[in-house]
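> My questions all concern the structure below.
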Amino acid sequence: MASPTDGLGRPLGVLRLSLTARCNLACPYCLPDGQEPPGLLTLQQRRVVVQAAVALGAQSLRLTGGEPLLHPELESLIEAVQPLRAQGLREIALTSNGTLLSASRARALREAGLDRITLSLDGADGTSVARMAGLSDARTGARTLEAVLAAIGHARDAGFDPAAGALKLNAVIQRGRNDDQLLPLAELCRGQDLELRLIEYMDVGNRNDWSPTDVMSASEMAERIGTRWPLEALERDLHSTARRWRYRDGAGGIAVVASVSQPFCGDCNRLRITADGVAYTCLFAAPSSGLDLKPWLQPSSDPMGVEQALTQLWRSRHDRY
Ligand code: SAM
């Protein structure tokens with residue numbers, strides 16, 4: 001069967017699968033749940049969901065959370081979906097705050113078949129990290145920063161090569177809260193050959209008190225960094241969420257996820273599934289608009305039913321932020 005396209009002709013390309021709603025940080029701009037919702041999917045049920053998404057055309061699986069490293073079966077899930085490479089799955093990536101990424105965990109993830117890791121870090125000193133991650137004081141922030149810096153090393157040692165795009169750093173920038181970290185974060189990444197992916201502060205959910213005045217646009221971020229280290233704009237790849245620049249001195253580059261100032265809905269190819277199996281076709285969708293897949297997964301899985309439900313959901317998709 002040909003892969004379906006949505007109501008605006010967009011194919012499905014990326015499945016963002018959340019493994020847990022919990023996080024070990026409490027970033028005020030994100031505010032994840034402290035507890036898991038009822039009806040969390042099992043490993044076997046997640047595999048069914050990934051299989052259905054791959055059958056619909058998804059080539060990329062992004063594992064996220066909450067904090068996905070809190071999930072004890074993360075590596076087992078990565079192993080369990082490897083056979084889907086023969087059916088079109090090309091890439092398995094992880095987004096993590098990195099605080100739990102030990103050397104052995106990084107190796108285990110690599111051995112399980114993970115292709116890429118993006119670590120999230122919103123500051124380059126203890127005070128900024130504490131402020132952005134909802135930690136009590138600068139000392140705790142400094143310890144968290146140390147853990148993330150160590151995680152970068154562990155990931156690199158395990159074979160996640162930044163030069164091949166297999167290791168990147170995400171940073172959310174909020175005007176007036178951590179925009180003073182733009183240059184320190186750029187410097188940190190330049191020194192480590194890491195691509196810095198700056199994210200415009202988004203209004204996701206209604207718990208983060210979002211205001212447009214807190215958003216710093218992609219262009220302004222690039223301009224600030226470019227004043228210190230001159231940059232050259234690159235073309236945006238089709239379906240990519242990021243605009244890219246490269247340093248003129250050859251020290252790598254930056255990317256900016258401009259979802260607020262330049263939404264990329266026109267070619268958005270993402271499907272999101274929560275830890276408890278609710279599917280959303282837009283990051284900004286109202287919580288009540290998701291499709292709960294549990295009726296086809298619990299108590300027993302109906303793989304065909306999941307595939308049909310997702311096909312119907314994708315065909316009826318008209319989201320434009
Ligand atoms: N805990 C993991 C992590 O820190 O990467 C995975 C989940 S986290 C929700 C994924 C990414 O979303 C992180 O880079 C985080 O900074 C970003 N994020 C969360 N809330 C955001 C917001 N309101 N605006 C922009 N980015 C946000």
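> When residues of segment 201-252 are filtered for being within 16 Å of the ligand (Cβ to nearest atom), surrounded by 11 or more Cβ atoms within 10 Å (Cβ to Cβ) and not in a loop (DSSP other than H, G, I, E, B), how many remain?
Qualifying residue count, segment 201-252: 7.
> To continue, here is another question. Please count how many residues of segment 58-68 are near the ligand (Cβ under 8 Å from one of its atoms) and open to solvent by less than 10 Å² (accessible area, probe 1.4 Å).
Qualifying residue count, segment 58-68: 2.
> OK, next. Just checking, which of Arg16, Arg90, Arg47 is touching a residue at least 12 places away in the same chain (Cβ under 8 Å), within 11 Å of the ligand (Cβ to nearest atom) and charged (D, E, K, R)?
Just a single option satisfies the conditions, and that option is Arg16.
> Against the definition (more than 18 Å from His239 (Cβ to Cβ) and over 17 Å from the mean Cα position of the chain (by Cα)), how does Glu67 come out, yes or no?
no
> Restricting to segment 73-91, and then to whatever is of a type in the set (D, E, K, R) and assigned to a helix (DSSP H, G or I), can you tell me which residue is most open to solvent (accessible area, probe 1.4 Å)?
Per the criteria, the residue is Glu79.
> Now for a different question. Could you say whether any residue in segment 302-319 is touching a Cys at 6+ places or on another chain (Cβ under 6 Å) and open to solvent by 30 Å² or more (accessible area, probe 1.4 Å)?
Taking every residue of segment 302-319 in turn, at least one turns out to be touching a Cys at 6+ places or on another chain (Cβ under 6 Å) and open to solvent by 30 Å² or more (accessible area, probe 1.4 Å).
> Contact list please: Cβ distance under 9 Å, first residue in segment 94-108 and within 25 Å of Arg272 (Cβ to Cβ) and away from the ligand (no atom under 14 Å from the Cβ), second residue among the charged types (D, E, K, R) and assigned to a helix (DSSP H, G or I), pairs at least six apart or on different chains.
These pairs meet every condition: Arg105/Glu75.
> Right, here's the next one. Condition check: within 30 Å of Gly39 (Cβ to Cβ), free of Cβ contacts under 8 Å to residues at least 40 places away in the same chain, open to solvent by 30 Å² or more (accessible area, probe 1.4 Å) and assigned to a loop (DSSP other than H, G, I, E, B). Does Pro295 satisfy that?
Taking the combined requirement at face value, the residue does not satisfy it.
> Still on this structure, please answer the following. I'm trying to understand the selection: among the residues of segment 144-187, which are out of contact with any helix residue (DSSP H, G or I) (no Cβ under 6 Å at 6 or more places or on another chain), hydrophobic (A, V, I, L, M, F, W, C) and under 17 Å from Cys30 (Cβ atoms)?
Val148, Val172
> Six or more apart or on different chains, Cβ under 7 Å: which pairs go from a residue in segment 24-40 that's under 30 Å from Pro295 (Cα atoms) and open to solvent by less than 50 Å² (accessible area, probe 1.4 Å) to one that's more than 14 Å from the ligand (Cβ to nearest atom) and outside any strand (DSSP E or B)? Could you list them?
Taking only residues 6 or more apart or on different chains, the pairs are Pro37/Asp276; Gly39/Asp276; Gly39/Gly277; Gly39/Lys294; Gly39/Gln298.
The values are calculated or read from the model by the stated rules, or taken from the named source; none is laboratory data. In this text the structure is predicted, and so the values were computed from the model without any measurement. Cβ: placed from backbone, ideal geometry, glycine included. Neighbour counts: every protein chain shown. Accessible surface is based on the protein model in full, side chains and every heavy atom, while ligands, DNA and RNA are left aside. Shrake-Rupley method; radii C 1.70, N 1.55, O 1.52, S 1.80 Å.
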